[in-house]
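K.L.:
Okay, handing you the structure first.
The values are calculated or read from the model by the stated rules, or taken from the named source; none is laboratory data. Only a predicted model underlies this, so the values are computations on that prediction, with no experimental measurement involved. All Cβ positions, glycine included, derive from the backbone under ideal geometry; neighbour counts span all protein chains shown. Please note that ligands, DNA and RNA were not included when accessible areas were found on the heavy atoms of the full protein model with its side chains. Shrake-Rupley method; radii C 1.70, N 1.55, O 1.52, S 1.80 Å.
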Amino acid sequence: MIPGPIEFEPEVMDAMCVPTPSHVAPDFIESFGHSLEMMKLVWMCPSGQPFVVAGTGTLAMDIAGSNLIEPGDCAMVISTGYFGHRFANLLRRYGANVTLLTAPVGDIVPLEEIEAALKKKKYKLMTSTHVDTSTAVMNDPKPIGVLGKKYDVLTILDGVCSVAGEEIQQEAWGIDVVLTASQKAIGVPPGLAMLVVSPKAMSVWKNRSQPVGNYYADWENWLPIMDAYLQRKPSYFGTPAVNLILALEKSLQLILKEGMEQRIERHRKVGHAFREGLKSLGLKIIPLNDGAAANTLSAPWFPENVQGSALISGILDEGVIVAGGLLPEIKTSYFRVGHMGMVGKNEVVTTLKAIETSLIKQGLRLENDACLKTALEIL
Ligand SMILES: *Cc1c(COP(=O)(O)O)cnc(C)c1O
């Protein structure tokens, strides 16, 4: 129950456990092309340009940053935690002049503050993190997309912990780049960086005055490859992670079979049930209000007088793996539970029960199974 790598569907594992085909084998070309087409449906971006490149979510951030930033460009980073800071550092590496807007722990940056900053200076792009996996704080990308359009600023959404788990309508909301990695809500083992890019962002890249400062990430190298797979033609730049692409095709099929609306609704329900269950265990979560709470993971504070590491190992004794804190300034004061992908009633109940048992072992007096009743009523 950690926020990535998550637990994967057996069918996805089966799809990749085959002798590795050639990257130009006709069946493989079909799987890659089909996966790219399905990405546009999952991202809800019919006119977008999909990219899948071997690497992690950080590479997806790197691909967006290196292709769209030229030295001296102004970029705004709307940060809600660990991954916002990573984006700021990354953009600076490519010569961006970065304005960092940070929210207090557990909160989001208010839209008025973002708009005030946009009025002051002309930015080329702005980034935000949909779900910050370090705090479980969720931004609403829709009004940020509206601001991007209003001030003619490209919008990049770090959706590594949200794509296929939280609602994203990339095209309707006017988001220029939505990026993710395979091992979170997409439901494929780690190793794929994935992006869908708007026609506007592609044209900004085409009109660069200098070459991209990152050879591996350069769209000049990858665009012909993606186009070739979409047209079911063989091509080569760097060897794709062949078996992972087979897993991706299967996972995207399962996602679309469930239906985007149903899948998002299931995550909403699971997230809500989990948060309410935590509440009835007396645990407080980092997000300051329900509107800023993610559905793909939760981040509860350790209760007072409870030793965090003992609580986590008690949960492990019950057979459930959770994650420790990630945000440096509060790292030892909270833990994280992922609930995305194939997670349903069984996982929510088992995890809440494990936390309850561990809390009782730590000396807390709790009413047996009260958290389960709360969660099951919602589910
Ligand atoms: C996990 C994560 C990343 C980094 O992904 P890696 O695959 O670990 O490089 C970036 N942003 C967010 C929001 C994440 O959750």
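K.L.:
Find the Cα radius of gyration of the chain, compare it with 2.2 N^0.38 Å by division, and give the number to two decimals.
P.N.:
Output field value: 1.00.
K.L.:
Moving to a separate point now. For the stretch 10-258, which whole percent of the accessible surface, found with a 1.4 angstrom probe, sits on carbon and sulfur atoms?
P.N.:
Of all accessible area on the stretch 10-258, carbon and sulfur atoms account for 57 percent.
K.L.:
Here's another thing I want to ask about it. Taking only protein heavy atoms and a 1.4 Å probe, what accessible area per residue, in Å², does the chain have with all protein chains in place?
P.N.:
Accessible surface, normalised per residue, equals 40 Å².
K.L.:
Next question. Where nothing but the Cβ of Lys and Arg (+1) and of Asp and Glu (-1) is charged, how large is the charge dipole of the chain around its Cα centre, in debye to the nearest 20?
P.N.:
Its charge dipole is roughly 740 debye.
K.L.:
If the label point is 7 Å along Cα→Cβ of residue 379, which residues in the stretch 321-357 have backbone nitrogen under 16 Å from it?
P.N.:
Counting only backbone N, you get 321, 337-357.
K.L.:
So which of 184/345; 120/206; 40/200 end up more than 24 Å apart, counting from Cα to Cα?
P.N.:
Check vs 24 Å cut-off fails for 120/206.
K.L.:
Viscosity 0.692 mPa s, temperature 37 °C: give me the Stokes-Einstein translational D for the stretch 260-378 in µm²/s, with Rh taken as the Kirkwood radius over C-alpha pairs.
P.N.:
Once the numbers are plugged in, D ends up at 229 µm²/s.
K.L.:
Under a straight-distance cross-link criterion of Cα-Cα below 21 Å, which lysines are reachable from residue 284, leaving out those fewer than 8 residues away in the same chain?
P.N.:
Partners within reach: 269, 331, 353, 361, 373.
K.L.:
For a protection proxy built on the mean count of beta-carbon atoms within 10 angstrom, sort 281-288, 108-115 highest first, please.
P.N.:
281-288, 108-115
K.L.:
To the nearest Å, what is the center-to-center distance of the stretch 81-142 and the stretch 1-68, using C-alpha atoms only?
P.N.:
Comparing the Cα centres of the stretch 81-142 and the stretch 1-68, I get a distance of 26 Å.
K.L.:
With a 1.4 Å probe and all protein chains kept in place, how much accessible area does residue 232 have, in Å² rounded to the nearest 10?
P.N.:
80 Å²
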